[in-house]
1. Determine whether Glu26 is modelled with pLDDT under 90 and out of contact with any Ser or Thr (no Cβ under 8 Å at 6 or more places or on another chain).
2. Give, as residue ranges, the helices (runs of 4 or more DSSP H) completely inside the chain that count at least 1 residues that are touching a helix residue (DSSP H, G or I) at 6+ places or on another chain (Cβ under 7 Å) and surrounded by 10 or more Cβ atoms within 10 Å (Cβ to Cβ).
Amino acid sequence: MKESKTKLSTDLGDPKLLKLLRLEAELTDTSIKEVLVTALEGYFAHRLESRALQKAAESTFEEWNDPRDSDYDRL
């Protein structure tokens, strides 16, 4: 599968973030792009995992969704 090159340009809105990106790139001997890609991959992996866990939990808690428990729900 051939990767397409996509450019992204954004104003981070906070000079401290750019400073931290540059520092991290320097400390890890990588580029700012690599730092951003790694951070975004980690962020989205976490989000996908969280969504999968939430979906799995929904079915578990559905067992507890019993209208007969409404008296306890009001407490």
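The values are calculated or read from the model by the stated rules, or taken from the named source; none is laboratory data. These figures come from a predicted structure and were not determined experimentally. Cβ sites come from the backbone with ideal geometry, for glycine too, and all protein chains shown count toward neighbours.
1. no
2. Fully inside the chain and qualifying: 15-27, 32-62.
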